[in-house]
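Structure, as structure tokens:
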Amino acid sequence: MGLANRGRLDLANADPAHRPMAKAIAALLAGAAAIALLTPPASAQQATDQQQTDPSKKTEDTKPAPAGVTLLDKILVISRTGETAIVSLASASHVDQEQLDRRMATTPNEMLLGVPGVTAQADARRVSSSINIRGLQDFGRVAVIVDGARQNFQRSDHGTQSTFYVDPELIKSVDVIRGPTANTYGSGAIGGVVFFDTKDAEDFLRPGETWGASVTGRYESNGKGWTTSASGAYKFNDNWDVLGNIVYRDYDDYKNGSGDTVAGTGFDVLSGLLKTTIRPSENSQLKLGWVGSSDGWTETSGGVPANDVDLKSNTFTARYNITDDAKSWLDLHINASYNKTNLDLTTLVPQNRFDPVTGLPVVLPAGSTSTFDVGTTGIDIWNTSRFETAAISHELTYGGDWVGDDVETGGTSGGDSFYTPSGKRDVSGAYIQDRLSWDWLEVITGLRYDNYSLKDSDNETSGDRLSPRITVGLSPFESASLAGLQFYGTYAEGYRSPSLTETLISGNHPAGVTFPFLPNPNLRPETGKTTEFGVNYKLNDIIEAGDAFRLKAAYFHNNVDDYIEGVTLSAFDPTSGCPFGPGIPICFQYQNFAQAKINGFELESVYDAAWGYAGLSASIINGHTISYEGERADLATIPSSQVTGQLGFRFLEDKLTVGGEVQYNGKPKGNPVAKDHTLVNAFASYQATDNLKVDFRADNLFDVKYTNPLNGGTTAVIYEPGITLKLAATMRFGG
């Protein structure tokens, strides 16, 4: 799995209906990026890096944000009305470029360190992650969005089901909204939304620069991994710029906290980004982008290499925004996207399997293939109108969205692809939401309509529903110390349609023992009903001029009616519908439960000043399912409860930053493999010159042996990396 066959822009496998659009976008971006990357250097401009929090840009506070301060005051990319996290009447978090840089992330999980209520599950396949929010994950319960494009790839397997990969080097910020209050961002997100926003040329270029380029090299001790990254940006004029980025990672298997090698954890991946921004007028903007990756890793069985995996993902996006001069009646957004993910699995050795139709033993010869091709097309349109009636201010947002999944699987008979059904699914919705503000009172009311249909050659099902939202926020105090204190309460509902796999999976279990999978075309959609009470607090100039304190905390209770989960049926029970067949007398089927009940508490806080920062975040989550017969069982997707403390110090006029994190993880109730554990990390970042930066990080400093509790349902316990040292250097040029 060398570099030679990585990183192709996989237009050959794109859906024929979308190839012309994909080729046109790719050609435009490739030409523009080539200019940016190949422009010869002029004299290097000696200037400091532009602050991530630009002092010239006003936030929701009444004064400009000091440099490097107010981590919770960045504009939420996915906010339809331009709010910041600290004033949002929802459980929202923003991870900015400064935080991402000091985490030196290799995987999406590391980008989300300390974000309350959010965990990533990756098994041993570190380039294939599933995000969990408040105990909900897989099959679209969490909407993972990259530059406006839904990531809906799914492969039936033990462990993670709905997976994605985006290289952290391409990302400038991550925004999270927890719970179904995020349902204006698409259907099905009863758990929440995670939005990855990639870098723009304006984030990369310094003031006055026409072009810029950088090269980064990084070494990691655990897995002996190398990362190389190159970026280039070019500004044609004030209304047109372009950015290109390429990243290559090559990692061996890592060792856990006991020093044992964890087989199958190595990978190599080539990722790329091309993005251009065009401003046709003073009040309009068009962003065209491509993000792609070509990944490779080896899956093991019993510690022995079993399958070679190649995965290619290409995402094309077009985002257009136009406003009137005052952003009053017109603030229109039109997003279109297409994502195509192709996974090819090739067996490395002969494998004893069971025929998916007959259930009889067969040998799957070495070189057998399984293919998983998932194409997702999306359109998202919304407008916000701002006006006043009497003394009440309105932000009225209304729009609609559509996402279509086209799943095609195939390969050698008896291969893994048989258990991920082919088919088509369409989900769409329309909504209206009004944010009313009057003095100390804020009220948000919303209503969303969802519709879905899914089908294969033999089955078809559909459904629809209206989902309401009501939020009331109070800011009752006027004194300087309490004016930034805000209380809110929310009731919101969300609607998730069954996936193709949950509805249509069939055949016989392929390995170990055999038993039938039963389809269930009568599955009912899930309805998430969340009640949440929260508090926001912001205060500036507490101890010294320019310092700031931010805090968000919330308690939530989520009832998911008709929750869908896989169950084991007995062939000896005549009411189960499980027939006696080959193998053991059981069947597997996705069925509705009466409810899943999840509740918890979340906290996110930070104090930032010239000398440094201190932060504390926490999440406590509990959950269980209730059958229609009233039987109660622990929910397997409940993550660890966590408390994360962060502390950093700035020296030498902010050129040197040192600090670390301590995170306590508490075992979820009923989890069979997890244990309480505490992780300690440390980092240092030194801006040696205007154009040279050196970063160091130590993860799991005390070499703790631990496992992610979300991996408790896999066939073998997967232990996470032991102590990992990272060292990186970045050279930058510009002019």
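Could you run through the range 398-412 and say how many residues are surrounded by fewer than 21 Cβ atoms within 10 Å (Cβ to Cβ) and in contact with a helix residue (DSSP H, G or I) (Cβ under 7 Å, 6 or more places away or on another chain)?
Matching residues across the range 398-412 total 2.
Can you confirm whether Val535 is among the hydrophobic types (A, V, I, L, M, F, W, C), under 21 Å from Ile432 (Cβ atoms) and modelled with pLDDT of 90 or more?
no
Pick from Ala511, Ala545: which is aliphatic (A, V, I, L, M), in a loop (DSSP other than H, G, I, E, B), without any contact (Cβ under 8 Å) to a residue 24 or more places away in the chain and surrounded by fewer than 18 Cβ atoms within 10 Å (Cβ to Cβ)?
Ala545
Here are some residues: Arg386, Arg319, Arg353. Which one is in a strand (DSSP E or B), crowded, with 16+ Cβ neighbours inside 10 Å, out of contact with any Gly (no Cβ under 8 Å at 6 or more places or on another chain) and basic (Lys, Arg)?
Arg386
On the given criteria, is Ala366 on the phi < 0 side of the Ramachandran plot, among the small types (Gly, Ala, Ser) and in contact with a Leu (Cβ under 9 Å, 6 or more places away or on another chain)?
So Ala366 passes the test.
Please work out which residue is surrounded by the most Cβ atoms within 10 Å (Cβ to Cβ), limiting yourself to the range 514-532 and to residues that are of a type outside the set (D, E, K, R) and within 20 Å of Gly192 (Cβ to Cβ).
Ranking the qualifying residues of the range 514-532, first place goes to Gly528.
I need the full set of residues from the range 583-616 which are touching a residue at least 40 places away in the same chain (Cβ under 8 Å), in contact with a Leu (Cβ under 6 Å, 6 or more places away or on another chain) and within 30 Å of Phe649 (Cα to Cα), in order please.
If the condition is that a residue be touching a residue at least 40 places away in the same chain (Cβ under 8 Å), in contact with a Leu (Cβ under 6 Å, 6 or more places away or on another chain) and within 30 Å of Phe649 (Cα to Cα), then Ser605, Val606 are the ones that fit.
Check Ile75, Ile131 and return the single one that is at pLDDT 70 or above and buried (at least 23 other Cβ atoms within 10 Å of the Cβ).
Ile131
Would you check which residues across the range 107-125 are closer than 20 Å to Glu220 by Cα and within 14 Å of the chain's Cα centre (by Cα) and list them?
Matches in the range 107-125: Thr107, Pro108, Asn109, Glu110, Met111, Leu112, Leu113, Ala122.
So Tyr555 ticks every box in (1) over 28 Å from Glu460 (Cα atoms); (2) assigned to a loop (DSSP other than H, G, I, E, B) but one. Which box is left unticked?
Answer for Tyr555: the failing condition is (2).
Looking for whichever is in a loop (DSSP other than H, G, I, E, B) and within 22 Å of Asp295 (Cα to Cα) here; the options are Val166, Val144. Which one fits?
Val166
Please count how many residues of the range 222-266 are surrounded by 15 or more Cβ atoms within 10 Å (Cβ to Cβ) and among the polar types (S, T, N, Q).
Number satisfying all stated conditions: 7.
What single numbered condition from (1) surrounded by fewer than 24 Cβ atoms within 10 Å (Cβ to Cβ); (2) under 28 Å from Phe696 (Cβ atoms) fails to hold for Phe195?
For Phe195, the failing item is (2).
Name every residue in the range 562-576 that is exposed (fewer than 13 other Cβ atoms within 10 Å of the Cβ), assigned to a loop (DSSP other than H, G, I, E, B) and in contact (Cβ under 8 Å) with a residue 12 or more places away in the chain, in order of residue number.
Within the range 562-576, Phe572 is the sole residue that qualifies.
Of the conditions (1) in a loop (DSSP other than H, G, I, E, B); (2) surrounded by 18 or more Cβ atoms within 10 Å (Cβ to Cβ); (3) of a type in the set (Phe, Trp, Tyr), Phe702 satisfies every one except a single condition; which number is it?
Failing condition for Phe702: (2).
Here are the criteria: (1) at pLDDT 95 or above; (2) not in a strand (DSSP E or B). Tell me which single one Phe418 does not satisfy.
Evaluating Phe418 over (1) at pLDDT 95 or above; (2) not in a strand (DSSP E or B) leaves (1) as the failure.
Got at least one residue in the range 358-369 being under 30 Å from the mean Cα position of the chain (by Cα), among the hydroxyl-bearing types (Ser, Thr, Tyr) and within 22 Å of Phe153 (Cβ to Cβ)?
yes
Against the condition in a strand (DSSP E or B), at pLDDT 95 or above and either basic (Lys, Arg) or over 25 Å from Trp226 (Cβ atoms) (or both), how does Tyr686 come out, does it pass?
Taking the combined requirement at face value, the residue does not satisfy it.
Does Ile626 satisfy the criteria of being surrounded by 19 or more Cβ atoms within 10 Å (Cβ to Cβ) and of a type in the set (A, V, I, L, M)?
Against the criterion (surrounded by 19 or more Cβ atoms within 10 Å (Cβ to Cβ) and of a type in the set (A, V, I, L, M)), Ile626 does not qualify.
Restrict the check to the range 338-345 and report whether at least one residue is polar (S, T, N, Q), touching a strand residue (DSSP E or B) at 6+ places or on another chain (Cβ under 9 Å) and part of a loop (DSSP other than H, G, I, E, B).
Checked the range 338-345: no residue is polar (S, T, N, Q), touching a strand residue (DSSP E or B) at 6+ places or on another chain (Cβ under 9 Å) and part of a loop (DSSP other than H, G, I, E, B).
Taking the options Thr689, Thr678, name whichever one is within 27 Å of Tyr219 (Cβ to Cβ), among the β-branched types (Val, Ile, Thr), without any contact (Cβ under 8 Å) to a residue 12 or more places away in the chain and exposed (fewer than 15 other Cβ atoms within 10 Å of the Cβ).
Being within 27 Å of Tyr219 (Cβ to Cβ), among the β-branched types (Val, Ile, Thr), without any contact (Cβ under 8 Å) to a residue 12 or more places away in the chain and exposed (fewer than 15 other Cβ atoms within 10 Å of the Cβ) holds for just one of Thr689, Thr678, which is Thr689.
So for the range 602-612 (the condition being surrounded by fewer than 20 Cβ atoms within 10 Å (Cβ to Cβ) and of a type in the set (S, T, N, Q)), does at least one residue qualify?
yes
A quick yes/no check of all residues on (1) free of Cβ contacts under 8 Å to residues at least 60 places away in the same chain; (2) within 19 Å of Ala90 (Cα to Cα); (3) buried (at least 19 other Cβ atoms within 10 Å of the Cβ):
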{"site": "Gly423", "(1), (2), (3)": "no, no, yes"}
{"site": "Leu436", "(1), (2), (3)": "yes, yes, no"}
{"site": "Leu447", "(1), (2), (3)": "yes, yes, no"}
{"site": "Ser453", "(1), (2), (3)": "yes, no, no"}
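With the requirement that a residue be surrounded by 21 or more Cβ atoms within 10 Å (Cβ to Cβ) and not small (Gly, Ala, Ser), what does the range 271-282 give you?
Listed by number, the residues that qualify are Leu273, Leu274, Lys275, Thr276.
Would you point out the residue of the range 689-720, among those that are modelled with pLDDT under 95 and of a type in the set (Phe, Trp, Tyr), that is farthest from Gly114 (Cα to Cα)?
It comes out as Tyr719.
Any residue in the range 393-404 that is touching a residue at least 60 places away in the same chain (Cβ under 8 Å) sitting within a Cβ distance under 9 Å of a residue that is in a strand (DSSP E or B) and among the basic types (Lys, Arg)? List the pairs, counting only those 6 or more apart or interchain.
Glu395/Arg386; Glu395/Arg435; Thr397/Arg435; Val403/Arg150; Val403/Arg425
The values are calculated or read from the model by the stated rules, or taken from the named source; none is laboratory data. Source: prediction; values computed, not measured. Every residue, glycine among them, receives a Cβ derived from its backbone with ideal geometry; neighbour counts consider all protein chains shown.
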